[in-house]
Amino acid sequence: MAFSAAELHVLRRSLAHALQSSTAPLTAAEVQDCLRLAASVDEAVQEAGRLRAFLLDDLARYRGALPGSLSGYLELLQDALAAGYEPDPDDLSALRALRANPVAAAVLERAQGVAERSVRRRLAAAAPAPRTRLLALAGGREEPGPAAPGPEGPRPERPRPEPSPKEPPRPGRPVPTPGEVFPPRRKPAPPPA
């Protein structure tokens with residue numbers, strides 16, 4: 001994205017005003033300049049999105065017309081990769097089918113590298129964050145030991161509940177043996193003569 005000289009002047013004034021420690025208000029003309037600059041930036045972002053969508057549609061059309069559109073497809077794909085495009089599985093399979101062409105083989109190698117980095121980045125983003133130890137919070141459980149002094153002085157130790165007497169294990173149903181669960185097969189009786 002490129003700014004004109006007038007837009008850079010507005011941007012510089014806005015940044016200088018934002019960094020000033022004074023609370024002097026902007027003049028009405030400066031506010032209007034800032035609003036026009038913001039509108040121009042929004043329009044440029046929308047135009048970049050439209051251009052990207054057009055290029056991706058064009059790339060899909062060329063990919064659909066392979067192998068007849070080989071040179072145009074490779075050129076578009078190289079431009080898209082340079083602009084930050086992450087190749088999809090259709091691109092990779094098309095390039096694998098065309099790897100006999102030296103240019104296609106080079107683009108395939110580059111596209112596979114981009115795809116691998118993309119997958120690694122997505123996996124790293126999806127991985128759970130490493131667990132950190134929770135610090136003791138006021139009112140939480142504490143390790144037994146000397147009472148920690150608080151703002152009012154040392155805290156009195158809380159009485160510990162007495163452990164309940166353990167109940168004897170209940171006589172339960174005995175565990176069946178495999179022979180009980182799966183009875184042996186009986187030999188078939190001989191047929192009557």
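Some observations on this one:
- Sorted on the mean count of surrounding Cβ atoms within 10 Å across their residues, most packed first, peptides 6-16, 182-192 read 6-16, 182-192.
- A Förster radius of 22 Å combined with the Cβ-Cβ distance from Ala100 to Asp57 puts the calculated FRET efficiency at roughly 0.20.
- Here the range 21-68 has an Rg and Dmax of 20.6, 65 Å, counting Cα atoms alone.
- Protection proxy ranking of 112-119, 72-79 - average other beta-carbon atoms within 10 Å, highest first: 72-79, 112-119
- q = 0.14 Å⁻¹, the range 1-110: log10 I(q)/I(0) [Debye, one scatterer per Cα]: -0.67
- Think of a 1.4 Å ball rolled over the protein heavy atoms: the range 35-82 then has 65 Å² of accessible area per residue.
The values are calculated or read from the model by the stated rules, or taken from the named source; none is laboratory data. Remember, it's a predicted structure, so these values are computed and weren't measured experimentally. Backbone-built Cβ (ideal geometry, glycine too); neighbour counts: all protein chains shown. The area values use the complete protein model at the heavy-atom level, side chains included, leaving out ligands, DNA and RNA. Shrake-Rupley method; radii C 1.70, N 1.55, O 1.52, S 1.80 Å.
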